[in-house]
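Heads up, the thing below is written out as structure tokens.
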Amino acid sequence: MGLSRVRAVFFDLDNTLIHTAEASRRGMLEVIKLLQSKYHYEEEAKIICDKVQVKLSRECLHPYSTCITDLRTSHWEEAIQETKGGTANRNLAEECYFLWKSTRLQHMTLAEEVKAMLTALRKEVRLLLLTNGDRQTQREKIEACACQSYFDAIVVGGEQKEEKPAPSIFYHCCDLLGVQPGDCVMVGDTLETDIQGGLSAGLKATVWINKNGIVPLKSSPVPHYVVSSVLELPALLQSINCKASVSA
């Protein structure tokens with residue numbers, strides 16, 4: 001780590017600033033209710049949702065050739081057919097997908113304490129949102145949680161040539177803010193993208209949000225700092241800056 005003070009902080013979005021996993025879980029619960037009450041899929045409803053969850057986790061996107069709506073509707077269509085048999089039911093798949101998606105977006109909010117933290121931090125450093133994922137999906141989330149005004153810039157991986165952990169996207173972020181990698185801190189919940197990317201790009205520090213006390217694999221990238229909540233960041237930044245001042 002360099003000896004200068006932190007000038008910019010890059011934040012991941014999903015499960016760092018907003019509770020994407022919880023929002024998705026609530027969306028699935030609404031679909032289960034729909035399938036049970038309207039279609040009488042008593043036991044099958046949860047099986048279908050579990051299958052979709054697996055498909056989402058294995059999703060492989062090709063940003064310029066894939067329509068995310070078509071792809072995710074197909075996840076539901078396949079899961080229903082795999083569970084119930086018979087012919088494919090595209091209409092039901094669309095109903096499930098749009099209910100899951102709309103419920104999920106409703107629950108993607110910035111907590112008041114997160115808003116307050118970002119507002120305070122932005123008085124001291126430049127802030128950038130750096131999120132991987134499909135352009136449409138991530139822009140919808142950004143719109144839903146209304147976080148644009150808290151950042152000096154927003155970078156969506158699906159709009160760039162490379163996503164995290166590629167160093168190029170981090171250098172692009174630095175260029176946008178007019179800072180050097182050694183001035184910046186990356187904050188995120190994923191070791192393989194947020195932390196590895198920050199390390200590869202030579203950022204001043206990487207901060208891993210480990211909410212559930214996960215023990216990483218020995219082969220995993222090693223962050224400079226680990227916190228259990230993003231709200232611990234201001235105190236940590238103060239500590240990093242104090243070290244820089246002492247060293248100087």
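Do we find that I80 is assigned by the TED database to the domain that holds P234, open to solvent by less than 60 Å² (accessible area, probe 1.4 Å) and not in a strand (DSSP E or B) in this structure? So I80 does not fit the description; no.
Of the residues making up the range 193-208, just one is assigned to a strand (DSSP E or B) and open to solvent by 10 Å² or more (accessible area, probe 1.4 Å), namely W208.
Answer yes if at least one residue in the range 166-180 is open to solvent by 60 Å² or more (accessible area, probe 1.4 Å) and among the aromatic types (F, W, Y), and no otherwise. Yes, because at least one residue in the range 166-180 is open to solvent by 60 Å² or more (accessible area, probe 1.4 Å) and among the aromatic types (F, W, Y).
Flag set for V155, criterion: within 21 Å of L61 (Cβ to Cβ), among the hydrophobic types (A, V, I, L, M, F, W, C) and at pLDDT 95 or above. In this structure, L34 does satisfy being in a helix (DSSP H, G or I), on the phi < 0 side of the Ramachandran plot and open to solvent by less than 70 Å² (accessible area, probe 1.4 Å). Annotation: of all residues in the range 125-160 being touching a residue at least 24 places away in the same chain (Cβ under 8 Å) and charged (D, E, K, R), the one that is farthest from I68 (Cα to Cα) is R126. Within the range 208-217, the set of residues being under 17 Å from the mean Cα position of the chain (by Cα), under 14 Å from T193 (Cβ atoms) and not aromatic (F, W, Y) comprises I209 only.
Looking at the range 121-192, the strands (runs of 3 or more DSSP E) lying wholly inside it that each contain 2 or more residues that are closer than 17 Å to V230 by Cβ, more than 12 Å from the chain's Cα centre (by Cα) and not β-branched (V, I, T) sit at 126-131, 184-188.
The values are calculated or read from the model by the stated rules, or taken from the named source; none is laboratory data. Because the structure is a prediction, the values reported are computed rather than measured. Cβ sites come from the backbone with ideal geometry, for glycine too, and all protein chains shown count toward neighbours. Just so you know, the surface numbers come from the protein's heavy atoms only, side chains and all, with ligands and any DNA or RNA stripped out. Shrake-Rupley method; radii C 1.70, N 1.55, O 1.52, S 1.80 Å.
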